[in-house]
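Engineer: Structure in structure tokens, see below.
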Amino acid sequence: MNLPANERPVVVGVRDQQPGVLDFARELARLYETRLRVVHACQIPYPYAFSPLSVGDLPDSIVTAARKTLTDAEKHLEADEPQPDIAYELVAGFPPAVLGSESDGAKSVVVGTDDVGWLDRLTGEAVTNFLVLHAHSPVIVVPPGVDSFEVEQIIVAVDTQTSASGPVQFAFELADKISVDLRVLHVMRHREAAKDIEMSRVHLAEVLAGWSETYPDLNVTSELIEGKDPADETLAVAGDGALVVAGRPHSGALRGWRAPVARALARAGRRPVAVVPPDYTV
């Protein structure tokens, strides 16, 4: 869906009491000068799941708790003053599918971390993991330790296997809007040959070519660091006030079940992570 940037809303998917996720999404919408959509997916249980139904078709016993989730979100966001640019939507459907559909035409989708076991991951209940692999827009995952939008630095991780175009565009755009420093990292695995290190330097220079001219006021640094696991090494150098930006994880028969982003966030503590599709544009 091709809409002007200021007509694409920031969508926040809420599951329960998540004030930090809501506050982060509200401030992001303010930065982009766009609307905020607060969405809660009301899971359709058996035997209703096999018919196309709306929320109005479901028994009150199913809908009551879902409506309370949205009511609590509205009370939190409008505690100080009314927010006319916020819409609240209760949608009947499978949560990953609902938020995946919402991502088409969204500026960004903001969600919390998955808190589910391995069986739920296999059956699709890991909403966040599904979104980072399939969403049409950037997905910003806000861990429980984040209670507001306080981004002091943006770190974008690039490699030689994932397209850096979308993540780099997102990182420069957001760093420019909030006037913070931008660090571009490429993590090399241990024991890479000297020629590979030189190739990595060339790749990093190619990734950044032209961006400093587009955003001349940004303080941008680039680094090559060595480590065993790129996610671990990137998070290790990220301070508490950092937002980490990365490309979409490589999918595969097992990778989708292992929830690499959710696992990394469990180690990240207070660091939100933005997972950006390769074709992201302003």
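Engineer: Which order, highest average first, do 208-214, 126-132, 33-39 follow once you tally other Cβ atoms within 10 Å for each residue and take the mean per peptide?
Structural biologist: Highest to lowest by the protection proxy: 126-132, 33-39, 208-214.
Engineer: Around Ala41, under 10 Å between beta carbons, what's the net of Lys plus Arg minus Asp minus Glu among the other residues?
Structural biologist: -1
Engineer: Follow-up question, since we're still on this one. Based on the alpha-carbon gyration tensor of the stretch 126-167 and its eigenvalue square roots a ≥ b ≥ c, which shape applies: rounded if a/c is under 1.5, prolate if not and a/b is larger than b/c, or oblate?
Structural biologist: Oblate, since a/c reaches 1.5 and b/c is not below a/b.
Engineer: While we're here: Let me check I've understood the local charge: for Gln169, count other residues with C-beta under 12 angstrom from its C-beta, Lys and Arg +1, Asp and Glu -1. What total comes out?
Structural biologist: -3
Engineer: Next question. Sort Met188, Met199 by heavy-atom solvent-accessible area, probe 1.4 angstrom, most to least.
Structural biologist: Met199, Met188
The values are calculated or read from the model by the stated rules, or taken from the named source; none is laboratory data. Source: prediction; values computed, not measured. Here Cβ is always computed from backbone atoms with ideal geometry, including for glycine, and neighbour counts include all displayed protein chains. SASA here: full protein model, heavy atoms, side chains in, ligands and nucleic acids out. Shrake-Rupley method; radii C 1.70, N 1.55, O 1.52, S 1.80 Å.
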